[in-house]
Structure formats: structure tokens, C-alpha cells
2 protein chains.
Amino acid sequence: MISKKMESLVDNNSVIRQMFEEGKKMAEEFGAENVYDFSIGNPNVPAPAKVSETIERLLKEEDPVVLHGYMPNAGFPEVRQKIADSLNRRFGTSFGLDNIMMTVGAAGGLNCALKALLNPGDEVLAFAPYFVEYRNYVANYDGILKEIAPDTDTFQPDLKALEASVNEKTRALIINNPNNPSGVIYTEDTIRAIADILKEKQREYGSEIFIISDEPYRELVYTGAEVPYITKYYPNTIVGYSFSKTLSLPGERIGYLVVPSEAADHDRLFQAVTIANRVLGFVNAPSLIQKTVAECLEEKADIAFYARNRDLLYDALKEYGFKCIRPEGAFYMFIQSPVPDEKVFVEDAKKEHILIVPGSSFACAGYVRLSYCVAYETCVNSLPGFQRLAEKYKLK
Amino acid sequence: MISKKMESLVDNNSVIRQMFEEGKKMAEEFGAENVYDFSIGNPNVPAPAKVSETIERLLKEEDPVVLHGYMPNAGFPEVRQKIADSLNRRFGTSFGLDNIMMTVGAAGGLNCALKALLNPGDEVLAFAPYFVEYRNYVANYDGILKEIAPDTDTFQPDLKALEASVNEKTRALIINNPNNPSGVIYTEDTIRAIADILKEKQREYGSEIFIISDEPYRELVYTGAEVPYITKYYPNTIVGYSFSKTLSLPGERIGYLVVPSEAADHDRLFQAVTIANRVLGFVNAPSLIQKTVAECLEEKADIAFYARNRDLLYDALKEYGFKCIRPEGAFYMFIQSPVPDEKVFVEDAKKEHILIVPGSSFACAGYVRLSYCVAYETCVNSLPGFQRLAEKYKLK
């Protein structure tokens, strides 16, 4: 009855989302305090106070017809200018109004970028492990997501494999930095190397290959490391940003795309993403929250909150005998499954009321993702369960 | 450089949107009070006070992690239940939680419905004149919009033409009631007749043909007429609703889809629209505003405000010699162009600082659409311009 494309999506509904909904049911059954739901990136840190203060002030001071009304599809010009100014100040870029489009979260932005770029059959590369929704976004426009196998020693991009994967059909490479689910950060050297490879391949094929950089975790960095601003290294870049994680507003659906002036055919490309925003039915990013985030650009997530969770869980899990990379950014740990089929591990964990997501949802079987954007108590209280799992698998 | 599908969209960018942006520029140049911008459906009536009050209360009372957080992709369950209850009370329906999905405006909802239903090459019918964006929404999923020529005497659906237009490829009929741009309301008899034709055609072709009913103007009715609730007449129905017009919140992007339990394969269809909401990048309707509209379901637009504009403009334009149908609903007038090419009329009107949209943007050349959701003064002050246009064309 439903469309063929949706048939398989319904049959293989998002494991992450299913688990999120299952977690809510388990919380009802066993009590929220007895369920350790590490399934989804739904920040447990409240939005900064300035978000509420700004909304209240806007409601008092602004004309409601403007505040809740239509604006250009790319967003309120003054909001876009403020974001451009903030990026320029922080990253030494020189963006203006026509480099910033406000979007319905990063997911909405990525869809606009892909609709603007892809013809049927075009290939889009992604380094595994990657957020599995990318595959669906690419398929929306009849593109083909080609994954590049993970380097499970470091979870850094495999540059040789990248070089071998680009062909005349390659239209884009999606990167996600800091990375979901591995928590690694791509260094400046890595970014430079990726840029060099793609520049060379563009020359070889006479094509334009875009880097689409998905950056909702840009501000979530524990090591003091700098996350390089990609537009400075490669002209054909579209950056997708979301305020979901930094301002703890995932339900509000607010983010932006950056289309740098150096990108090929910039004016037409910017028009294309803007029209994609309209015809895909977003029309514009939600208006009140657009004006709100523009006043909160200096606000930050409470990184200490996540760092405490990370340290507790990483140290404990290592001690119990689990294997994983120490996360440098985002709020995920990517843990090697103690048994070959990680879905067995996921099911065993569920018996301990611990919800984690199989790595096969990130094109990386044999691993599980743990989202530690939860209350500290949840982390503490989950530890006996993890310890029992370690004993069960005889990890020591 | 950009995708082929976007090429033609960029080359033929929305006339309505271009005019909206041109109107803003003209307002800067000539002063807002000297520009009569009837181009877009951007309500000039402020949102009801209860909207601000509810937002302020939610910010004080609700846990921000919930208020701004992820929820099921279909929306907060309690919000969906409140909407179901309100519809049941007002229209004698019996909807529950699993009949309501919160959407990013009606445009977002229509895209989810079409993604859930369409295979490439499927045909979707629409009665001209229709909101031209439907064509783009259908094309997003490689469907083909087939328009049914208008009956320019009444602007009511041409039922004979409908019957002749349905074939084995017909997957859906989009209706819009009250109608943008004509302002007419489809009567219960018309709805029954449409339902009978489609039921018969379903039998003939052994197919499931959906009515997708786009109803942002449901509450904007001047005549006391009842707008029939379509699910009571035809099981394979998806209703798209938006709070944009009723609550004057077009920029906030908030609406819902109704998928009645009687629809073929309901459970799977509801899953499909929900997953479409996720993979298209909406993820969910904006969270704070979801909870806000749920508390404002009894609020209404100030219909008297629009009625006053309608009466003033309709009476004056008729007096000057223009021809048009008296609008019964929505906030549009569809005026016959005094010259065969209505784009000439649109350009002449622009010289009077009057912005109206050519009917060719609604698949109905020879007419223009005037949006009267503007300040009363704008209507009053536009009249000398209309009078000069009438004299220019010697309408009397």
C-alpha cells in the first residue's frame, strides 16, 4: 500500500528510535531511575537560562506578526548576519548574509544540501562508522551512499581508502567532526589530507566534489583540541550546524547551513539550498527560535557535565575489561562488543536495563554506541550492570 | 553544478516568494505605508494573547530537558491526544493518538504524506486553481501532478473532469478547502460526489486512491458555512492542517496530519508518514510550539478582521468594474485580469505599488490572487491605485 521506498524503511525502522521509544516504555514499567537509557543523543543538560530569558524578552518586545511570521526562506537576515559575524570572530572566516541559511536542525540542512547537489545515481562517500540516517538522506534524492570501511584502531578516516573510493560519480563526502559514534576528532592534518585528495580527484575527473560537514558537536570537545573550520581548507564545502547539542534544544529543530562564497557557482548553489528548504516543506526554520539562538551564540553547553560522565564511564568500563577509544568530543563512546554479534551484547545489556545501540546502525558491526548525555546518576547506577556483563563475558 | 531537478526550480523560482521579497525591498524604498503588498498569506493579525501566555507558562513550569527535547517522531503523545479530542468534539470523529502526527507546518505534512504514498510515475490530481507548490511537493517523490481545468464560473471542482482524469496510475487527489486562491468552500454535496467518484474508480482499478486534504484555512470562514470533515465521507484520506493561519504562526512551522483508522493499511501508513517525518530531516515538529498549540486549540483567528478587509475590497473592486467571486473562506480574492495576459496586469499594479500574484502561479492564467490578510489601512490606501487601474483599462 505504501510506497516501495518506504516499505523497506518501515520494515527496518531506526533501531535508535525504536530503542528510544522502548526506553520510555521500560521507564514506565520499571521506574525511570532503574533504566539506563544510553540510546539517543537527547541532552540531559538543561538549555542555558539565557534561552528562556531571550524567548520571554522577544515575546514582550517584538511585534508578534514579525516574530511568528514568514521571513525569507533562508531565514531572518539579521539572524544570519549575527551567525556570520560570530563564525568570523571565532574562526577567522569572512562569511556574510548570503553564506548562511537557517535550517530545521542539521538534518533539515543536510537534506537541503543533498537535494541541491544530487542527481540520481550520484555517489556520496562516508567514513564508517557514520550516523546511519545519512544513508536515508542520500536515498531521498536517489543518490547512493558508499561507505569507506573503518580503521578500528584509531577510528580516524582511512585516507588511502578514500582515494580508492572516489570515482567520476562521486558528488560529495559527508564527514562528521567530532564524530558520532566514535567520539574522535579529525585533526587539521587529516582535514588537509582529505582536501588534497579531493582537489586532486576534482582535477582528474573535471568534477566538483563537495565536502558536507555535519557539525552538531563542534562545541563539545574535552581535550582543548581545535576542530578545524573546514571551509578554510577546501572551497567546495557545505557545513551543517545544529544548536541541538550546544544549547540542548534538539526538539526545537534549529540549525544552519554555511555555503562559503568560494564554493563553485556559489550564488546558484545558495539559491538552490534555499529553494530546497521551501519545496521540501520546511519553508523556513522556526521563527521565534531563530531569533532566540541569534542572542545565544556565546552560550555553551556545560561541557564539564559531559566530561564527568565520560571519565566515570570510560574509566569504569576499561577497568571491567571493555575495549574502547577514549572520546575526545561529542557525547558518545564506541565500545567493542565482547561477543562477535553485538546485537547479542545489546540484548544482554537490555536485561540489565542498559540501553545501547548496535554498531551495525553505524555501518560498524561488532561495536555498540553509548550516549552519555544523561544524568550522572544514570551513569553511576548503570555500573553494576556493566560489571555483571563483564563478568558474564569473562572480560578479566 | 546544482542538481538537474533544482536547475529548473532555480530558473523558475516561486513568483509568490520573489514578490514577497520584492515587497520588502519596495517597502524600504518607498516606505511600508506606501506599498500595498497583497502577495503572500502572512497574517497581519497578531497571534492570540494565549500563545505568548502559554509559552511563558511552559518555560516556567516544564522541565526544559523535556520541553526542548526529542520526543517520538510523531510528536508528544499528550499533544496528539489533545488534538484528537478537540477534533472529535468539534467534528464527531473518533480519532486517537495513532491518527495524529505533528508536522513542520502543513507543507511538511504534505511532503510526509506524499513520500509515504508515491512511487515514481504515480499521478496526483489537483483542481486548478491550486497552490502551485503542490506540483513541487509531488515532484519531490517523482510523482506527476495532473491538473483538472478550472470551472471559472464557480471555481467549484469540475466533477466530470475529475471522473475523466482518474486512471490506473492515480494515487491521490489533493484538495484545498477553503480554497487558496479562489476563496470558495466545497459543499458537503461536492465532497460526497468526489468521494463517490473515487470509490467507484478504486473498484474499477482495484487501487487505493487517497484524498489529501490541505486545510490550513478550515477556521477562516465568513458565511457560517460548515467545512465538511473529509474523513467522514471517504476512508482513504489524509488531512493536513496548519496553525499558521488560525493562530497567526506561519513562521513557527507547526501543523499536523490526520491519518484516520479507516484508511487502507492504517498502521503501516501511519508508521510510513512518521518515518518520512524523520528521514526527510524534519525529525519532529518544533517541541515548545507543539506544547503551546495544544493549549490553544479553542483560540481562533479574528475572523472579523479579515471579513472587514474582504468586504471593503470586494465591494470597491466590483464597483470599479473588476470581476471576481465573493470569497467565502480563506483570505484570498481571485480576480479576473482585465487584460488577457495577467502578468501585464501584475506589472501595471506594481507601478501603483500594489503587489498581487499572477494566476499562472496557480495553474489558472488570466486571473490574479490578492491576499487580504493585511492591515485594514493597506486595503483602504490601495483603493485609489485600483481605481486608476480600472480607469486605465476602461472597466466602466
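The values are calculated or read from the model by the stated rules, or taken from the named source; none is laboratory data. Note that the structure is a prediction, hence the values are computed from the model and not measured. Neighbour counts run over all protein chains shown; Cβ positions are idealised from the backbone, glycine included.
Of all residue pairs spaced 6 or more apart or on separate chains, those with beta-carbon atoms under 8 Å, a first member in the stretch B:318-332 that is β-branched (Val, Ile, Thr) and a second member that is surrounded by fewer than 18 Cβ atoms within 10 Å (Cβ to Cβ) are B:Ile325/B:Thr154.
Among what's in the stretch A:67-97 and is assigned to a loop (DSSP other than H, G, I, E, B) and more than 13 Å from chain B (Cβ to nearest Cβ), pick the residue that is farthest from A:Val279 (Cα to Cα). Filtering the stretch A:67-97 for residues that are assigned to a loop (DSSP other than H, G, I, E, B) and more than 13 Å from chain B (Cβ to nearest Cβ), the one farthest from A:Val279 (Cα to Cα) comes out as A:Gly92.
Residues that are at the interface with chain B (Cβ under 7 Å from one of its Cβ atoms) and closer than 14 Å to A:Phe243 by Cα within the stretch A:273-286 comprise just one, A:Pro286.
When restricted to residues that are surrounded by 15 or more Cβ atoms within 10 Å (Cβ to Cβ) and not small (Gly, Ala, Ser), the stretch A:323-341 contains 11. Selection of the stretch A:69-82 for residues being within 28 Å of the chain's Cα centre (by Cα), surrounded by 15 or more Cβ atoms within 10 Å (Cβ to Cβ) and either in contact (Cβ under 8 Å) with a residue 40 or more places away in the chain or within 27 Å of B:Ala106 (Cβ to Cβ) (or both) yields A:Tyr70, A:Met71, A:Pro72, A:Asn73, A:Ala74, A:Gly75, A:Phe76, A:Val79, A:Arg80, A:Lys82. For the stretch A:153-182, a residue qualifies if it is part of a loop (DSSP other than H, G, I, E, B), crowded, with 16+ Cβ neighbours inside 10 Å, more than 16 Å from the chain's Cα centre (by Cα) and not hydrophobic (A, V, I, L, M, F, W, C), and the qualifying residues are A:Gln156, A:Pro157, A:Asp158.
On the stretch given as the stretch A:1-36, residues that are hydroxyl-bearing (Ser, Thr, Tyr) and surrounded by fewer than 17 Cβ atoms within 10 Å (Cβ to Cβ) total 1. Summed over the stretch B:271-295, the residues that are closer than 18 Å to B:Lys82 by Cβ and not charged (D, E, K, R) give a count of 10. Within the stretch B:213-272, the set of residues being away from chain A (no Cβ under 14 Å), in a loop (DSSP other than H, G, I, E, B), aliphatic (A, V, I, L, M) and touching a Phe, Trp or Tyr at 6+ places or on another chain (Cβ under 9 Å) comprises B:Leu220, B:Val227.
Of the listed requirements (1) among the aliphatic types (A, V, I, L, M); (2) buried (at least 23 other Cβ atoms within 10 Å of the Cβ); (3) more than 18 Å from A:Arg80 (Cα to Cα), A:Ala264 misses just one: (2). For the stretch B:165-172, does any single residue satisfy the condition of being in the same structural domain as B:Ala107 (by TED's automatic domain parsing) and farther than 20 Å from B:Leu114 by Cα? Among the residues of the stretch B:165-172, not one is in the same structural domain as B:Ala107 (by TED's automatic domain parsing) and farther than 20 Å from B:Leu114 by Cα, which makes the answer no.
Taken over the stretch A:98-121, the residue count meeting the criterion of being at the interface with another protein chain (Cβ under 8 Å from one of its Cβ atoms) and not in a helix (DSSP H, G or I) is 3. Summed over the stretch B:8-57, the residues that are more than 28 Å from B:Arg135 (Cα to Cα), in a helix (DSSP H, G or I), within 10 Å of chain A (Cβ to nearest Cβ) and in contact (Cβ under 8 Å) with a residue 40 or more places away in the chain give a count of 2.
Among residues of the stretch A:132-146 being touching a Ser or Thr at 6+ places or on another chain (Cβ under 9 Å) and closer than 25 Å to A:Pro178 by Cβ, the one that is surrounded by the fewest Cβ atoms within 10 Å (Cβ to Cβ) is A:Lys146.
Of everything in the stretch A:209-238 that's of a type in the set (D, E, K, R) and surrounded by fewer than 18 Cβ atoms within 10 Å (Cβ to Cβ), which residue is modelled with the highest pLDDT?
Let us first name the residues in the stretch A:209-238 that are of a type in the set (D, E, K, R), namely A:214-215, A:218-219, A:226, A:232.
From the residues that got through so far, the ones that are surrounded by fewer than 18 Cβ atoms within 10 Å (Cβ to Cβ) too are A:226, A:232.
Working: A:Glu226: 86, A:Lys232: 97.
So the residue we want is A:Lys232.
Of the helices (runs of 4 or more DSSP H) lying entirely inside the stretch B:286-396, the ones with 2 or more residues being modelled with pLDDT of 95 or more, assigned by TED's automatic domain parsing to the domain that holds B:Pro250 and under 30 Å from B:Glu53 (Cα atoms) are found at B:287-294. Here B:Glu295 fulfils each of the conditions (1) of a type outside the set (Ser, Thr, Tyr); (2) more than 8 Å from chain A (Cβ to nearest Cβ); (3) touching an Asp or Glu at 6+ places or on another chain (Cβ under 8 Å) apart from (3).
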